[in-house]
């Protein structure tokens, strides 16, 4: 799929990995609709890059349906969905104050995993209406997992669970959507310079970078965006999770 033929919805597009992806897609000629809870930041980014913004709660069916409808009205179609919306929490299964909060666990699973599935399924319903390409393709979904899906650390049981679910859905969802000509991929980033990591002191970020094999630094959101773009453009990539982590293996 060529970027100039791409009409993408990008969740979490107001900041971090999603914003970088929205910016790269727009400069590469794609149409973009940003879905995010942060209306102030979302509207600002959208206006700057020439995209559409819809305030969206990815966990809410009605909210996502309305956002998808607005995206179709704005762009004429949807043939790419990039799911970057996500949250995290630091909490052990059993800590000094007792067991892990079920409310916190459900929130992370709800936004990261259920939210990703919610957007993917509703975007797929719109993609299925597209005319197929020469090889029968109608769209592509790119979900965001994490290296935590494979080597999650202490205190990351909720986050790792949610990201493992995203990695695990890639193949069965790709198989489910094969009849409609919709590809499904996942990206598993390592340590990236997202707003969460940027809030840490510089010495802490430097210490984290020491665990990265090569290059020994934290990832740039633009590097995630470049991989998302490559996936959209590479029609034979399907049903797989790609790590982008500088060979990092979490301790």
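FYI, it's all coordinate maths here, none of it is from the lab. All values reported here derive from a predicted model rather than from experimental measurement. Glycine gets a Cβ as well: all are built from the backbone with ideal geometry, and neighbour counts include every protein chain shown.
A few comments on the model shown:
- Stokes-Einstein D (µm²/s) once Rh is taken as the Kirkwood radius of the range 13-154 over alpha-carbon pairs, at 37 °C in 0.692 mPa s: 201
- The relative contact order of the chain, computed from alpha carbon pairs under 8 Å that lie at least 6 residues apart in sequence, is 21 percent.
- Separation of alpha-carbon centers, the range 3-20 and the range 58-126, rounded to whole Å: 15
- For residue 103 and residue 175, the difference between the fully extended length at 0.36 nm per residue and the C-alpha to C-alpha distance is 22.7 nm.
- Per-residue Cβ neighbour rank within 10 angstrom, fewest leading, 250, 127: 250, 127
- Share of pairwise Cα separations in the chain, more than 33 Å, in percent: 15
- Compared with the dominant Cα axis of the chain, that is its longest principal axis, helix 221-233 is turned about 40°.
- GNM result for the chain, Cα springs below 10 Å: residue of 40, 56, 116 fluctuating most strongly: 40
- C-alpha long axis of helix 61-75 to longest principal axis of the chain, angle in °: 50
- Note on residue 114 and residue 226: the extension gain reaches 37.8 nm, defined as 0.36 nm multiplied by sequence separation minus the Cα-Cα distance.
- Calculated diffusion of the range 46-113, Stokes-Einstein form, Kirkwood radius summed over Cα pairs, 20 °C and 1.002 mPa s, µm²/s: 147
- Residue with peak Gaussian network fluctuation, the chain [Cα springs, cutoff 10 Å], from 197, 208, 102: 102
- Distance (nanometres) between label positions extended 7 Å along Cα→Cβ at residue 47 and residue 96: 4.6
- FRET efficiency, residue 61 to residue 37 (Cβ-Cβ, R0 22 Å, nearest 0.05): 0.90
- Helix 115-127 and the longest principal axis of the Cα set of the chain meet at an angle near 10°.
- Gain in span if fully extended, residue 198 to residue 133, counting 0.36 nm per residue against the direct Cα distance: 19.3 nm
- Model label sites at residue 247 and residue 125, defined 7 Å from Cα along the beta-carbon direction, differ in position by 4.6 nm.
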